[in-house]
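Structure first, commentary second.
The values are calculated or read from the model by the stated rules, or taken from the named source; none is laboratory data. Keep in mind that what you see is a predicted model, and the values were worked out from it rather than measured. All Cβ positions, glycine included, derive from the backbone under ideal geometry; neighbour counts span all protein chains shown. Ligands, DNA and RNA are stripped out before the accessible areas are found, and what is left, the full protein with its side chains, is counted by its heavy atoms. Shrake-Rupley method; radii C 1.70, N 1.55, O 1.52, S 1.80 Å.
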Amino acid sequence: MNGLEIIDFFKPLEDNKNLFIRNIVLSSNIPDQEQVITHRLHKTFSRYGLLYEVQVLPCQTSKLQENTSDEKSLPQTDIESLCYYAFVKFYSSVSAEKAKSALNLTHFVGTKACKVTFAKRKRTGSEKQVLFISQCFDLANFYLGFNGWSSSIKELKRELTDVCLSSKEDYCCFACTTNIVIHHHGLSVNGKGFSLLKFSSEDPASQIKAHGRCMKQAYQDSIQKAFSKVILVILGNGKVYTDINSSVPEDLEEFQPSYKSVAVTELEVEPELASDEDNLDEENINILSELETVFM
């Protein structure tokens, strides 16, 4: 079918979703130029679809050479003025194509018309990475609507793993199973997440903090794994269907030592997780707070 596209809940790495923008020049009297450019690009390009990322990088050149759309290849010319180039990444290749066609040599971020082309990236062969929890929420809300899906915690329990039992150090491990339902599509998927944290038995507060953080990490992991099993099928007329991503393996039923463990030993400053932990929606934060109270 013409215009059909499949979008999964993994980081978009394809070149046809990644636009390279060059010939960005701002007046020297504008402060915080990178932030200004990022804001302008995001505002303009997001009109064509949901953005995964906007990267702005400085380049001291007077004229950007052709064929510099490789992120590893920087232009080398005589320095005359401060210029910038950028990468704008979409979740949808269709949206990226529309943006490129509409904005190439017609959009002015600064004083000159920008040239917009597809990026050419060198592949390292690394495995695809599932989106962070906040990005999963953004993608689901954009295509399914805020009321088009829901999530619920089916189980959250402490695990007594081999690491916990055999190690001389103190660890806590939690497993969380979360269910995601896609309303009006008849689709329901589960994700099972794990988290392992080390704490100091000499400080009772360390154990409390480790337990609370461990539960939140397990919840985050379960949400991401559940969304990784979903694919969005976008038709040319804009209608969205969902299906199971058959390429994703089944979740592990028990904790494996290959998961990273994080030591929790210093309590003067609250340790930070990945940046999108703070983006948990209020309802799920309340749920986790109640569960944390139960396990204290």
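The table for this structure:
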{"quantity": "Whichever residue in region 28-46 is touching a residue at least 12 places away in the same chain (Cβ under 8 Å) and touching a helix residue (DSSP H, G or I) at 6+ places or on another chain (Cβ under 9 Å) and, among such residues, is surrounded by the fewest Cβ atoms within 10 Å (Cβ to Cβ)", "calculated": "Thr44"}
{"quantity": "Matching residues in region 17-56 - criterion: being part of a helix (DSSP H, G or I) and of a type in the set (Gly, Ala, Ser)", "calculated": "Ser46"}
{"quantity": "Selection within region 98-154 - part of a strand (DSSP E or B), free of Cβ contacts under 8 Å to residues at least 60 places away in the same chain and of a type in the set (S, T, N, Q)", "calculated": "Ser150, Ser152"}
{"quantity": "Check on Tyr171, part of a strand (DSSP E or B), open to solvent by 30 Å² or more (accessible area, probe 1.4 Å) and among the aromatic types (Phe, Trp, Tyr)", "calculated": "yes"}
{"quantity": "Filtered residues of region 94-116 (kept if buried (at least 17 other Cβ atoms within 10 Å of the Cβ), modelled with pLDDT of 90 or more and either within 23 Å of the chain's Cα centre (by Cα) or not hydrophobic (A, V, I, L, M, F, W, C) (or both))", "calculated": "Val94, Ser95, Ala96, Glu97, Ala99, Lys100, Lys115"}
{"quantity": "Scope region 4-16; condition open to solvent by 20 Å² or more (accessible area, probe 1.4 Å), under 28 Å from Ala226 (Cβ atoms) and either part of a loop (DSSP other than H, G, I, E, B) or of a type outside the set (S, T, N, Q) (or both); matching residues", "calculated": "Leu4, Ile6, Asp8, Phe10, Lys11, Leu13, Glu14"}
{"quantity": "Any pair with Cβ under 9 angstrom, 6 or more apart, that starts in region 185-208 at a residue that is at positive phi and surrounded by fewer than 21 Cβ atoms within 10 Å (Cβ to Cβ) and ends at one that is part of a helix (DSSP H, G or I) and modelled with pLDDT under 95", "calculated": "none"}
{"quantity": "Per-region count, region 215-247, residues surrounded by fewer than 18 Cβ atoms within 10 Å (Cβ to Cβ) and in a loop (DSSP other than H, G, I, E, B)", "calculated": "8"}
